[in-house]
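Worksheet: the structure to be examined is printed underneath.
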Amino acid sequence: MTETKKTIPKAGGEKSAAKKTSGAGRKTSAPDAYDAFLEEAERAEKEQAKGTRSRGETSHKGTAGKPAARKRTPKPSAAKKPSGGKETTASGSAAAGKRASSGKAAKTEYQSDLLAAWDELERESRLRRDARRSNGSAAPQWRTASGAAAARQSSANGTARRRPPQSPASRRPADGRRSDRNGARASKARARQAVLLVENGRDPYDDFLDAADRRPARKRSKGIGALTVLLAAAIVCILGLGGWQYAQYQRFLTMKAAVDRQTFYDGTAVEGIDVSAMTLEQAKAYWAEQIEPQYARRTVTLSNGAAFTAAELGYSSDYETVLGNAWSAGRSGSLEERYAALSEREGQTVSYAVTRSAYSAEVVRQCVSAIAAQIDRPAENAKIGSFDAESYTFQFSDEVTGSRLDQTRLAADMAAALDAGGGEVELVVRAIQPEVKKEDMASQYGMIASAVTNASSSSANRLSNIRLALQFINGTCLKPGETFSFNGVVGERTTARGFKSATAYSSGKVIEEVGGGICQVSTTLFNAAVKADLEIVERHNHSLTVGYVDLGKDAAVNWGNQDLRFTNNSSDSVYICCYLTSDKRVRFGIFGRLLPNGESITVEGVTTGKIDFETVYQANPSMASGQTQVVQNGKQGYTAEAYKIRWDANGNQIGRELLCKSTYRATSQIIEYGP
């Protein structure tokens, strides 16, 4: 008969098999949290065992060098060889003798006797049932405790009879598989058993045997005891491992349930509000709808009626960041670390504060600047509204008081109101007074300077040219920084424009020219401009001296090459007025802001030298010999300088400066004579 070998798994075999099976089922999915938990626990146990071994080695350092006690290992017994009913070998008899001398051997022999008796009872029971089935006779009324057939008394007297003991040969199994030694043990066991009295021919033991007969016969082997022990040990290990796994899994479930929750952890409070029953999105929505609006809607109302909310002035809050931090607390790290962190805070309240800013300083500054742009106005001095060149009078505009918002104070007041929950803020506007008022203008404006020259000796044409040029100039307004040009204002002197031919100087000669005589107009204007303290840009003296002004104070003009130009270097407009009086005087007046402190300016011409004329003789054939005639009188030439002199209100000279230099040609005397 072929025996089936059973391999007893090691204590860790079930766990390894379970892991392989579990792993096979998860080949296509990522490791779950429990696998990670088991790996973490196993790693912690290994580190703990390593630490224990290290402490053990340290504690046994004192015994180093001593030989360790050798454990005695029991030698395995020689296997018994079945002989098919024959006597065992000498070595087997010797081993049996040794076992008989020890308690362990006696216990083994007793177990063998019981097994043999049990087998004999089963065999006799089968024989008895087979006999009943074959002849239909009733079961024997008497039998021994071993179940063998025994003679019983007749039912009449009911006397019990003991079955005589049988020989070992009669108890030997029919298949011959049990040895004589086992048969002898079974015979001894039956000899010690009592005879049972059965009434009515059947007892409960027969029922037991019938039930046992229906069960398949169990096979016995020599190593059944050791196998049972190993199996029991394996079962214990498996049960222990399973219990440990179950405990670890329950611990894993407990920790996972504690850390894997959709709401905030217990004891979490934000701004004093318990959020442990809220999810992160619920908390954000609650703050956005219930908490933040009461801060963002804080309003500042200005005294001019304008109103601004904190949201418009740069309100900010980090509530989303704070809620995110409160939610993330305890949700990082391994499962063990997260659970440990939660365990430490158990029963405690972890509070979080939200930081808010009711405004942005830059936004408030920009808002204040926009308000100031609507309020700030510069002060405006009273100024000249117009000038009447006919009446030589000014019309003045009213002064305007300016305003300036105190921006620094407004920004501080708005910030304080927002921090306090909102409120009203008064605008502080300061008045800016003008420097010049209307009542002061009459005393500060008028005719700055004037100049007059005599044209009474002029011809009619010359006077006509003078009058026309004065008309072109009269009423001219020269604004600050502008430059006046005589040729530009009067224009080209042509007959088409109304100018007439009159005497004029040209290259040291007296000639007739269209527009002759207007140099007296330019000369008079030059003197008025200097006395009005305007800046002279261009001026030319005549080639010959003139009789209507002192040497050095004239100003010649000629279209295309000579011009009179000056610039208004003051801060106010000036007006030029001029006309020809009835007594043939050329008069100029320059009007505007008077010179400061009552000052005045005069122009002084100084002759610095003389140039003698020459006498030129010219022959005249029409004249008699020795006869002479003066055709042109000689005229002496000069050099001259003009000075600008400044006087104070009391008539004291306070300044003198060279204005210009001039050179006038001499005119030759011409005498004709007869040859």
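Does a label point 7 Å from the Cα of ILE670, set along Cα-to-beta-carbon, have any residues of segment 502-521 with amide nitrogen under 15 Å, and which are they? Under cut-off, by backbone N: 506-512. Report, in whole Å, the centroid distance computed from the Cα atoms of segment 252-310 and segment 597-649. Their Cα centres are 104 Å away from one another. THR476 sits with roughly 30 Å² accessible to a 1.4 Å probe, with DNA, RNA and ligands left out of the calculation. Phi-derived couplings, Karplus 6.51 cos²θ - 1.76 cosθ + 1.60 at θ = phi - 60°, listed residue by residue for segment 495-508: 5, 4, 9, x, 7, 10, 7, 8, 5, 7, 9, 8, 6, x Hz, with x used for Gly and Pro.
Ranked by the mean number of other Cβ atoms within 10 Å of their residues, highest first, the peptides 315-328, 644-657 fall in the order 315-328, 644-657.
Share of carbon and sulfur in the accessible area of segment 485-595 stands at 44%, probe radius 1.4 Å.
Charges were assigned to the Cβ only: +1 to each Lys and Arg, -1 to each Asp and Glu. The resulting dipole of segment 511-610 about its Cα centre is roughly 180 debye. Remark on SER668: its backbone amide H falls under 5 Å from those of GLU614, LYS635, a criterion applied only to residues 5 or more positions apart or on other chains, H modelled at 1.01 Å from N. By definition, a body whose alpha carbon gyration tensor gives a ≥ b ≥ c is oblate when a/c is 1.5 or more and a/b is not larger than b/c, and segment 550-594 fits this oblate description. Quick check on segment 368-482: take the gyration tensor over C-alpha atoms, sort the square-rooted eigenvalues as a ≥ b ≥ c, and tell me if it's rounded (a/c under 1.5), prolate or oblate. Prolate.
Averaged per residue, segment 354-433 has 57 square angstrom of accessible surface, using a 1.4 angstrom probe with ligands and nucleic acids left out.
Rounded to the nearest Hz, the phi-derived 3J(HN,Hα) couplings of segment 664-669 under the Karplus curve 6.51 cos²θ - 1.76 cosθ + 1.60 (θ = phi - 60°) are 10, 6, 8, 9, 5, 8, where x marks glycine and proline. Taking each residue as 0.36 nm, the span from ALA361 to ALA232 lengthens on full extension beyond its C-alpha to C-alpha distance by 38.2 nm.
A 1.4 Å probe, protein heavy atoms only, puts the accessible area of LYS661 near 140 Å². Taken per residue, the accessible surface of segment 493-554 reaches 39 Å², heavy atoms only and a 1.4 Å probe. Decide, for segment 568-675, between rounded, prolate and oblate: order the square roots of the alpha carbon gyration tensor eigenvalues as a ≥ b ≥ c, take rounded if a/c falls under 1.5, and otherwise choose prolate if a/b is larger than b/c, else oblate. Since a/c reaches 1.5 and a/b is larger than b/c, the shape of segment 568-675 is classed as prolate. Surface composition of segment 287-442: carbon and sulfur atoms hold 46% of the protein heavy-atom accessible area at a 1.4 Å probe. Ordering GLN262, GLN248, THR309 by Cα displacement along the dipole of segment 210-349 toward the positive end leaves GLN248 in first place; charges were set at the Cβ atoms of Lys, Arg (+1) and Asp, Glu (-1). Taking amide H positions as modeled 1.01 Å from N, with prolines and chain starts lacking one, the residues under 5 Å from GLY515 and 5 or more places away or on another chain are LYS500, SER501, ALA502.
The values are calculated or read from the model by the stated rules, or taken from the named source; none is laboratory data. Being a predicted model, the structure only gives us computed values, none of them experimental. So basically every Cβ, Gly included, is an ideal-geometry build from the backbone, and we count neighbours across all protein chains shown. The protein model used for the area step is the full one, side chains on, heavy atoms only, and it has no ligands, DNA or RNA in it. Shrake-Rupley method; radii C 1.70, N 1.55, O 1.52, S 1.80 Å.
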